[in-house]
Amino acid sequence: MSAPRPQHAPLTQFDVRDNCLQIGGMPLTRLAQRVGSTPFYAYDRERLNQRVALLREHLPPEIHLHYAMKANPMPAVVQHMASLVDGIDIASGGEQRVALDTPTDPGDISFAGPGKSDADLRCATAAGIVLNMESEAEMERIAVIGTQLGIQPKVAVRVNPDFELKSSGMKMGGGPKQFGVDAERVPEMLARIGALGLGFQGFHIYSGSQNLKATSIQEAHEKTFALAIRLAADAPSPVLTLNIGGGFGIPYFPGEERLDLAAVGENLKRLMPEVKRQLPGTQIVIELGRYLVAEAGIYVSRIIERKVSRGQVYLVTDGGLHHHLAASGNFGQVIRKNYPVVIGNRVTSAEQENVSVIGPLCTPLDLLADRMDLSKAEVGDLVVVFQSGAYGLTASPTAFLSHPVALEVLV
Ligand SMILES: *Cc1c(COP(=O)(O)O)cnc(C)c1O
């Protein structure tokens, strides 16, 4: 006997009525009419509100929550998120422009990422954005720019920690890394920040992404606080902010279970008193992208054709990897696994069929679902890919094969 096949974690964020997925308070079929064409991404405001509320419920109330907008930089989404969170984390000049269009205080916007251009640094300095410095060379460039502009730049040191965030989808700290300054070199850098007269804000310690294991995140939080307390001893002025990263994951694939957010929150509540003793006056920040927005979004395409090849049914849609690289399995996955997919206008039909969902691109990589059991579907039906509110459209090769771009709506 074979073991039961692993299932996708239950997705309950969207109601189903009369066999049709509901989003933004209306049936998906109605939304598709309203949007006017497929494919499209839809992000649900109320789901965004609920996710922020869930975090506020579980995290210590004094911790600030930042939105890492590269997860979903749609301006309407960023505006909405800005009304819910305490700050925005950006990673490019383009993101900087969108973030500065929100009512967020520039002092609550931080700019991370290697290879910031002098133009980016000048704009950020003039705006009063906090620059999370990724290298000593960047620090020197910032100092020159501050002198040229006659403005004291606000800077934080992004630290490449001397530990890793275990079981992360993507490791971004520990060992040699393209991000941040190695922890052992930070004391010298802090002295230089003082000598250059830069406006020292604090530390940014981000160690990984897409983590579903509470125990790994708990361990990283403990080590992050310990490292920050150690580094603070050499700071030129009090540590105003400590960004401890994020990396909270969401379930995408069969067998994955939800992060135990309550356990992460409990652990932080346990650690906070000692942190406050050691770092009085320091604002603790958690920065999240995916966890805030991914589950609020879906990607919708329409079935153009049903095709059968040697017994395997292919649903040919107007959407594909050019809009949703991650769902096709080509954005960092080692072994291709299916995202959760349903037929949006036949969510709970009794009749099921094993199908592959493909797009219009001339490459076998253009696969949105590989031999999945879905409700039996017809031409004109809507294929929905869940967990698509983060790293969707803007993380996809939209120019590949010159198909029309997908629309995005916030509902
Ligand atoms: C990408 C990134 C994030 C967001 O990561 P998620 O996995 O989407 O939460 C946060 N901080 C930094 C520095 C990043 O580069």
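General observations
- Every condition in (1) surrounded by fewer than 18 Cβ atoms within 10 Å (Cβ to Cβ); (2) within 30 Å of A294 (Cβ to Cβ) holds for A119 except the one numbered (2).
- Selection over region 375-411 of residues that are assigned to a helix (DSSP H, G or I) and at negative phi gives a count of 4.
- Just one of (1) touching an Asp or Glu at 6+ places or on another chain (Cβ under 7 Å); (2) surrounded by 24 or more Cβ atoms within 10 Å (Cβ to Cβ); (3) not in a loop (DSSP other than H, G, I, E, B) fails for I298. It is (1).
- Among the residues of this structure, R122 counts as one that is in the same structural domain as K177 (by TED's automatic domain parsing) and over 28 Å from L279 (Cβ atoms).
- Filtered residues of region 46-67 (kept if among the basic types (K, R) and within 20 Å of V411 (Cβ to Cβ)): R47, R51
- Every listed requirement among (1) open to solvent by less than 10 Å² (accessible area, probe 1.4 Å); (2) in contact with a Gly (Cβ under 7 Å, 6 or more places away or on another chain); (3) not in a strand (DSSP E or B) is met by R336 save one, (1).
- Residues that are within 24 Å of Y67 (Cβ to Cβ), at pLDDT below 95 and part of a loop (DSSP other than H, G, I, E, B) do not occur anywhere in region 234-243.
- Verdict on E287 being under 28 Å from the mean Cα position of the chain (by Cα), closer than 30 Å to L240 by Cα, in a strand (DSSP E or B) and not β-branched (V, I, T): yes
- Among the candidates A82, A156, A183, residue that is out of contact with any strand residue (DSSP E or B) (no Cβ under 6 Å at 6 or more places or on another chain) and surrounded by 18 or more Cβ atoms within 10 Å (Cβ to Cβ): A82
- Among the residues of region 83-133, those that are in a helix (DSSP H, G or I) and more than 16 Å from the ligand (Cβ to nearest atom) comprise R97, L100, P106, G107, D118, A119, L121, R122, C123, T125, A126, A127.
The values are calculated or read from the model by the stated rules, or taken from the named source; none is laboratory data. Just so it is clear, the structure is predicted and the values come from calculations on it, not from any experiment. Glycine gets a Cβ as well: all are built from the backbone with ideal geometry, and neighbour counts include every protein chain shown. Ligands, DNA and RNA are stripped out before the accessible areas are found, and what is left, the full protein with its side chains, is counted by its heavy atoms. Shrake-Rupley method; radii C 1.70, N 1.55, O 1.52, S 1.80 Å.
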